[in-house]
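Okay, structure first, notes after.
Rule-based calculations on the coordinates, nothing more; no lab input. Predicted model, so just to flag it, every value in this text is computed and none were measured. In this analysis, Cβ positions are derived from the backbone assuming ideal geometry, glycine residues included, and neighbour counts consider all displayed protein chains.
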Amino acid sequence: MTRRRDMAVAFILLLPFLAIYGVAFVYPTIDMVVLSLRKAPLIGAGEWAGLDNYVRLAGDRLFRIATRNTLWFVALTAPASTVLALLLAMGVARLRGWLQAAVLACFFLPFMLPVSVVYLIWHWILDTHFGIAQPIVAAVAGRSVSIFRTVSTFMPGVAFVTVWATVGFSVLLFLAGLRSIPQETSEAARLDGAGRIALFRHVTWPLIWPVTALVLTIQLISHLKVFDIVYLFNLRGRVDETMSLVQYVFRLAFQQNDGGYAATVAVAILVLVAVLSVLQFQLLRSRGQ
Amino acid sequence: MPQVEFEKVGKSFGALAVMRELSFRIEDGEFAVLVGPSGCGKSTLLRMLAGLEEITAGEIRIAGRAVNDLPAKDRDIAMVFQSYALYPHMRVVENMGFSLRLRRAPKAAIAERVGAAARTLGLDRLLERYPRELSGGQRQRVAMGRALVRSPSVFLFDEPLSNLDAKLRVQMRTELRHLHQKLGATTIYVTHDQVEAMTMADRIVMMRDGAIEQVGRPLEIYDRPANHFVAGFIGSPAMNVLPGRIRAGADPAVALDGGGVLPLGHVPSLAPGRAVAVGIRPEHLRPDPDGPLLAEVEVIEPTGAETDLSCRCGGQPLMVALRDRGSYRPGQTLRLAPHAGPVHLFDAETSARLTHPESMIQEYDDDRHETRNG
Amino acid sequence: MPRLSSRLVAGVAAAMVGGWLGVGQAAAQQNVVWWDYSGGGDGVRLKALLARFNEENAGRIAITNTTLEWGTPYSSKIQTSAAIGTASDIALYHLARSSTGVSTGVLTEITDTELASVGLSKDDFDPAQVAAASVDGKLYAIPFDLHPVVVYHNAERLCAAGLLGEDGRTAGMDGKEAFSAALQTLVDNGARCGVTTATADGGTLWRIYYSIFSQTGGSFFEDGKFLPGDNFQKAVDAAEVLRGLIDSGLMPAQTEYVTSIALFTSGAFAMHINGLWELPTMVDLQRKGHLFEFGAMLIPDVFGNGHAHWCDGTSFVIPANAGNPMTPEKRKAVLEVIAWFVRHSLDWADAGYILPCRQVADQVQHLEPQSFYGIFPELVAAAHFDPQTPLAGPAYPIYDAVGDFILPAVNGEMDTVAAFTALRDRLQALQDALK
Ligand SMILES: Nc1ncnc2c1ncn2[C@@H]1O[C@H](COP(=O)(O)OP(=O)(O)O)[C@@H](O)[C@H]1O
Ligand SMILES: [Mg+2]
């Protein structure tokens, strides 16, 4: 009886969300799959094309490049950002009072900046002629390098900026995770003879693992869908060689008015994100315990 | 087993000083209980000894060696936390063997020692479980097991029983004493429960507000509390304290402010008219038609073994613990006399103890409890 | 609240009076919805003109304007809105995008009769402008300005190198070798580099590249084909000119738009290729005393076929709102608005644009700075508009292809022939897919 009523209450509370979810997500998603089976412009019905678009996808060099770029971007950002966030969080956790708040704000501030501002900041810092970081680049590479106009340095560059801009959020998650480890648990380990490294390896790391898995999963999904930052940095540059998957959809749909094929690529992204997320989830869970 | 010495130890958190010059010594193999009200600094003291908290003044020595700058992991101290602080991601067997694993002990040796400790504590069947799959009492045992396995030179316990139910607490008290008798390790046990202190300690260190009020064997403290505060803290129900003045005249006596005259035995030369506080334990009062105290019964609390009477005597509250069941009624007036125990005198201003053993109405054999240590 | 009710009373009273007189004043007023993409300094000038128009025509025509974002979102917005009949009555539009607008059915034709009804004719405009605004001989847009690409120069540096004539014009720069030699001379005379332009910016690079390509006399897009016949070789030759300048260190590689301007205005570089729209930037700097003596000239004639350069223009279009046709009265008002703005384009031209209409251009003598207006007729004569295909225009496939192929070719990261082969094939495939 109460269970029945619970269900009813749950349903009523969820109804607005379900309605919006249906209208704004389920319906467009189904429509997208249908569109991927048509040869159609962005607006307008077009004509039935069967699996033609999918056949085209299989032989599409740009799709392959965009997929490779996107995976490369994820590989460059997710692990590095996670490790960095954990290190920073452990550092911040040692600070106290206003100093901790100030340092935390420093790391979190970039996360609150609009992507366009992040882009402008780093575009200037790394400008080939005036960039204040070019001396460092020159010291490493032997000459000034146009980071965002050189194909091989583009993704590492964008990945670096992305990590800079987003690490603050992961730091926050890790900090919450670290705080949820009771101080006495660490103290017990110290009394048991654990030094800093052993303490991290045997206590902190296993206990923070669920947060690590969360951080990794959030990043995997959000970075597989990367668009804005890549778009801004390769704008008016070598887009072909440096674009991400979502950017390819944007280009097909909005610049080439190729709605049917854009939908096909979008379906491919959906499948890729779903498969990788499930894979990662399984992997992380099995490592958890 | 080493002795542990505290010499003029002080502690402050930033500008906040929570502990003043604190000196005492715990002998080799002794079971010492640190007792005092919440917030008096017991945990802090323990944590300073363990190396978890910086020692901001003075020196702590273990086996004669100053440990102020020795990291926690090198002090060879095991501690059982109030929260148990088990490693949630490790099974019981791993929790208990963790310290040995860190020391790179051979697997076989770890298994053997964990097995032995588990048998001692009755944990054999729980070794494969995770802490979250254990009851509070079982977790408490695992925490003890983890300390046992290490056979450390000093054992520390920080209110280890306070999260257990009453029955288990009594049982664990006994077990802990047994364990100590078996191992003979120097042990410091923190509690705010005077019953635990009385029943378990070889020696009690009584603390208040970051300072030591009295150090002594349990009955010594019971019989000769150094001051008003200790008198009130140790013993249950708490000692009655009645204000009065030393009466002029040949027979030493106190005239109570609330009425009545309490004769004393041999009293040292206290100036007549001096303000004092008279302490009488509730269990040392008996109904006596000739008794000097006149009290009105307010509440009757039978505990089975005792009958506690909550009375009022000349405007002051007065507790009486009687061995018999009697037939008492609220509103009834009783005459009472101190009986079968000492009357304590404290300075009304400093609250320090004034009486000497000779002053007791009933002579007390000081040797009676010495055997306890043997 | 009192304000509102007093207005209400006034309105009701006016309606009653109007009804009584039989001429509904309110009914006669035409409300014209206007979209533009001018957000910067030129936007300020445009808003001032709009306010003036509304003031002068109070009670007759009222314009309500909305400024949208430049680039893809703007043309997409017009396209998608027109498809459902909710686009504006007038829109500012890039001349070069006219053919795209026509192919997607977004624009309506403007007839000679309509032009004449507001006192304009095709002859008021340069033939190149009319051609850019027409598809299949029909006019779809009315020009408001022209903005070609020019070469700015540091007069002191050019003077020192003997490259500035008595008349203030550059000398000895025409011809490929002469141009390189002139730049080398400038470097020898202390300039850090001969010339800067935004070599890392696909959009700008297209304008520079298309200028040079136009000088070969080639045709980028003709009869539905990209770079047919020997046009391919001409395209490669044009790219090689720019690549040669970079290779020989006379022009810096991979330079961003703003950087390329800053390098020039800092004084270290002798020349700068960019649109005429940066003229106000330079003039402002100079007025504040932050800039050396400078001039602007046509891009040197590299191939000896005469001057040529990329050019685009702002124009007015009347969107074709599907299922929501315009009343003749509204259309008349819209044409009036356009004619008014064309006649008042002097204020607008202050933003560094060339006046669109001969009727107005005759008055240029009154403008400052005089010297630049002297070359305006030549600039207009040498104007080459983007190829007439829906693939042209900012943020459209040709611009993308520039970033993907011409940019790496010019900056020496890709073989030029390979780059242009890929560019041609890409654009041809997209063009073929349009049908
Ligand atoms: N980390 C700390 N920072 C500041 N004050 C503390 C800290 N830890 C304990 N204290 C203070 O020190 C005093 C003693 O605390 P504690 O040793 O925990 O008392 P107990 O264990 O006897 O209840 C208390 O007043 C407490 O507020
Ligand atoms: Mg405590």
Among B:MET207, B:MET90, B:MET239, residue whose mean-square fluctuation peaks in a GNM of chain B (springs only between Cα atoms under 10 Å): B:MET90
When Rg is the radius of gyration of the Cα atoms in chain A and Rh is its Kirkwood radius, what does Rg/Rh come to? 1.05
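For every other residue with a beta carbon closer than 12 angstrom to the beta carbon of A:VAL239, add +1 if it is Lys or Arg and -1 if Asp or Glu, then tell me the sum. If you can, show how the numbers build up before the last one.
Values: positive: A:ARG149, A:ARG236, A:ARG238, A:ARG251, C:ARG426; negative: A:ASP240, A:GLU241, C:ASP400, C:ASP404.
Local charge sum for A:VAL239: +1.
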So what are the ³J(HN,Hα) numbers for segment C:53-58, from phi and the Karplus equation (6.51, -1.76, 1.60; θ = phi - 60°), rounded to whole Hz, Gly and Pro as x? 4, 4, 5, 5, 10, 3
Separation of segment A:130-150 and segment A:248-262 by C-alpha centroid, Å? 34 Å
Within 10 Å, count the other beta carbons around each residue, average over each peptide in A:48-56, A:147-155, and list them highest first. A:147-155, A:48-56
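In what sequence, highest mean first, do B:8-20, B:29-41 appear when ranked by Cβ atoms within 10 angstrom?
Working: B:8-20: 14.3, B:29-41: 20.4.
Highest mean packing first, the order is B:29-41, B:8-20.
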What does the structure give for C:404-416 when I average, per residue, the other chain Cβ atoms found within 10 Å of the residue Cβ? 3
Positive end of the dipole of the protein assembly as shown, charges at C-beta (+1 Lys, Arg; -1 Asp, Glu), about the Cα centre: which of B:LEU161, A:ALA189, C:TYR74 has its Cα farthest in that direction? B:LEU161
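How much of the DSSP bridge set in the protein assembly as shown is antiparallel, in percent, rounded to the nearest 5? Provide the component values of the computation, followed by the final result.
Numbers: 83 of 115 bridges.
Given both bridge residues lie in the protein assembly as shown, the antiparallel proportion sits at roughly 70 percent.
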Averaged over its residues, how many other protein chain Cβ atoms are within 10 Å of peptide B:166-176's Cβ atoms? 0
Radius of gyration and maximum dimension Dmax of chain C, Cα, Å: 23.9, 84
List the lysines whose Cα lies under 26 Å from the Cα of B:LYS11, skipping any in the same chain that are fewer than 8 positions away. B:LYS42, B:LYS73
Given 4 °C, 1.567 mPa s and a Kirkwood radius over Cα pairs, the Stokes-Einstein diffusion coefficient of chain B in µm²/s is 56 µm²/s
Computed ³J(HN,Hα) along segment B:318-323: with the Karplus parameters 6.51/-1.76/1.60, θ = phi - 60°, integer Hz and x for glycine or proline, the list is 9, 9, 10, 10, 10, 6
Please enumerate, by chain and number, the lysines with C-alpha under 29 Å from the C-alpha of C:LYS288, excluding those fewer than 8 residues away in the same chain. C:LYS47
Run through every distinct alpha carbon pair of segment B:4-226 and return the Kirkwood hydrodynamic radius in angstroms, one decimal place. 18.0 Å
Separation of segment C:69-136 and segment C:375-413 by C-alpha centroid, Å? 20 Å
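Can you put A:ILE221, B:ILE204, B:ILE246 in order, fewest other beta carbons within 10 Å first? Working shown, then result.
Working: A:ILE221 16, B:ILE204 28, B:ILE246 21.
Ranked by crowding around the Cβ, least crowded first: A:ILE221, B:ILE246, B:ILE204.
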How charged is the neighbourhood of B:PRO287? Take every other residue with its Cβ under 11 Å from the Cβ of B:PRO287, and add Lys/Arg as +1 and Asp/Glu as -1. -1
Work out from phi, with θ = phi - 60° and the Karplus expression 6.51 cos²θ - 1.76 cosθ + 1.60, the ³J(HN,Hα) of each residue of segment B:164-173, listed in order in whole Hz, and give x for Gly and Pro. 9, 6, 4, 5, 4, 4, 4, 5, 5, 4
Using alpha-carbon positions, what is the distance between the centroids of segment B:279-355 and segment A:11-33, in Å? 77 Å
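When Lys and Arg each count +1 and Asp and Glu each count -1, what net charge do the other residues less than 12 Å away from B:ARG173, Cβ to Cβ, add up to?
Details: positive: B:LYS167, B:ARG169, B:ARG177; negative: B:GLU175, B:ASP193, B:GLU196.
Taking every Cβ under 12 Å from that of B:ARG173, the sum is 0.
How many percent of the alpha carbon pairs in the protein assembly as shown exceed a separation of 56 Å?
Values: 282999 of 602253 pairs.
In whole percent, the share of Cα-Cα pairs in the protein assembly as shown beyond 56 Å is 47.
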Under 5 Å, built H, 5+ apart or other chain: amide partners of A:ARG38: A:ALA49
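Other chains near A:209-217: what is the mean number of their Cβ atoms within 10 Å of each residue's Cβ?
Working: counts 1, 0, 0, 0, 0, 0, 0, 0, 0.
If you average over the peptide's residues, the count of other-chain Cβ atoms is 0.
Provide the percentage of antiparallel DSSP beta bridges, counting only those with both residues in chain B; round to the nearest 5. It would help to have the intermediate numbers written out before the result.
Values: 57 of 75 bridges.
Roughly 75 percent of the DSSP beta bridges within chain B come out antiparallel.
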In a Gaussian network model of chain B with springs linking alpha carbons closer than 10 Å, the residue among B:ALA271, B:ALA238, B:ALA201 that fluctuates most is B:ALA271
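Quick one: of C:LYS122/C:LYS330; C:LYS122/C:LYS234; B:LYS107/B:LYS167; A:LYS39/A:LYS225, which pairs are farther than 31 Å apart, Cα to Cα?
Numbers: C:LYS122/C:LYS330 22 Å; C:LYS122/C:LYS234 33 Å; B:LYS107/B:LYS167 37 Å; A:LYS39/A:LYS225 24 Å.
As for pairs spanning more than 31 Å Cα to Cα, those are C:LYS122/C:LYS234; B:LYS107/B:LYS167.
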Which is farthest toward the positive dipole end of the protein assembly as shown among A:LEU42, B:THR44, A:LEU71, measuring Cα position about the Cα centre, with Cβ charges +1 (Lys, Arg) and -1 (Asp, Glu)? B:THR44
Once every DSSP H run of n ≥ 4 in the protein assembly as shown is given -39500 (n - 2.57) and the sum is divided by its residues, what mean residue ellipticity at 222 nm do you get, rounded to the nearest 500 deg cm²/dmol? -14000 deg cm²/dmol
Collect residues whose amide H, placed 1.01 Å from N in the peptide plane, falls under 5 Å from the amide H of C:ILE61; neighbours closer than 5 in sequence don't count. C:GLN30
Using modelled backbone amide H atoms (1.01 Å from N, in-plane), which distant-in-sequence or interchain residues come within less than 5 Å of C:LEU68's amide H? C:ASP36, C:TYR37, C:SER38
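Report the semi-axes of the equivalent ellipsoid for segment C:91-141 in whole Å, largest first, where each axis is √(5λ) for an eigenvalue λ of the Cα gyration tensor. Walk me through the intermediate numbers first.
On the way: eigenvalues 65, 30, 18 Å².
Calculated on Cα positions only, the semi-axes equal 18, 12, 9 Å.
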